[in-house]
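One structure below.
The values are calculated or read from the model by the stated rules, or taken from the named source; none is laboratory data. Not measured: the values here are computed from a predicted model. Positions of Cβ are backbone-derived with ideal geometry, glycine not excepted, and every protein chain shown enters the neighbour counts.
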Amino acid sequence: PSLASARYGKDNVRVYKVQKDAATGVQTVTEMTVCALLEGAIETSYTRADNSVVVATDSIKNTIYITAKENPVNPPELYASILGQHFIDRYAHITKAHVKVVVHRWTRMVVDGAPHPHSFFRDGQETRNVEVTATRGEGIVVKSGIVGLTVLKSTGSAFHGFVRDEFTTLAETWDRILSTDVDAGWTWSTFPTLDAVRDGVDRFDRAWEAARGITMKTFANDESASVQNTMYKMCEQILAAEPEIALTNYSLPNKHYFEIDLSWHKGLKNTGKDAEVYAPQGGPNGLIKCEVSR
Ligand SMILES: O=c1[nH]c(=O)c2nn[nH]c2[nH]1
């Protein structure tokens, strides 16, 4: 047998960093969970118990903290690229570094109508995600994303005209609830160097704002004929908004809310246009995926 592939490192490294503006007293916080995995001439550590090629995962964890201390942690695309490039630059036998950064929400509190200088709240489990692969001699691939943004619309969604055959029981609908947990991603054209990531670094926050706004607005306003068509419209707009984005992708569960027929109880009308009380479903759920390129 031979080692077909291998990568190792430290996962679930939780990092918090505070930025203190001495002049204003305003403090800003960032909390993220980092995974860093290395690839390269490491096969003998697997095949021959040769640990001389192993940068200990503990050292990788330490590097995550030191890099966060010595560099910006925002935008996460920059921090992840700096961290990935570090491993390539520092260890000649490492050829690839995979870095995933998941940024958790700490939204600044507004107290008595004013933004609070050092207090925040977790407004949702939505995260801003970045996955970077730095490859020796091949540049830095950056993928950004939004994960766990749970949305629902109470109307403005239809699904009809689908295949009807001996397997079909689903009724056609012109008015349904639509709910999903957004998992959206956008892959940047490969950056040849870390300097290329740094140049025009404001593109990353701008794209995240745009993608989040496009997702919410399109979800809300589209008279959706299907999850498929609505997500495609989101992809089109993100590509139009940022020329440096090469590919966009969505993976959307269709979190069903089933009507409950209560007519057995004194003829109570609760279906179709009279439907008000529904049964939210844990599963099964639809899962609709796409990738859209230029
Ligand atoms: O938007 C939808 N797309 C589908 O493919 C599907 N299948 N059942 N319900 C559905 N809703």
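Observations on the model:
- Top-ranked residue of region 75-111 - restricted to ones that are of a type in the set (Ser, Thr, Tyr) and either in contact with an Asp or Glu (Cβ under 7 Å, 6 or more places away or on another chain) or modelled with pLDDT under 95 (or both), ranked as nearest to Trp208 (Cα to Cα): Thr107
- Residue match in region 20-39 (condition: at pLDDT 95 or above, under 24 Å from the mean Cα position of the chain (by Cα) and charged (D, E, K, R)): yes
- Subset of region 160-179 that is near the ligand (Cβ under 10 Å from one of its atoms) and in a strand (DSSP E or B) - its residue that is farthest from Pro253 (Cα to Cα): Thr173
- Search result, residues across region 73-122 that are of a type outside the set (A, V, I, L, M, F, W, C), touching a residue at least 60 places away in the same chain (Cβ under 8 Å) and touching a Leu at 6+ places or on another chain (Cβ under 8 Å): Ser81, Gln85, Lys96, His98
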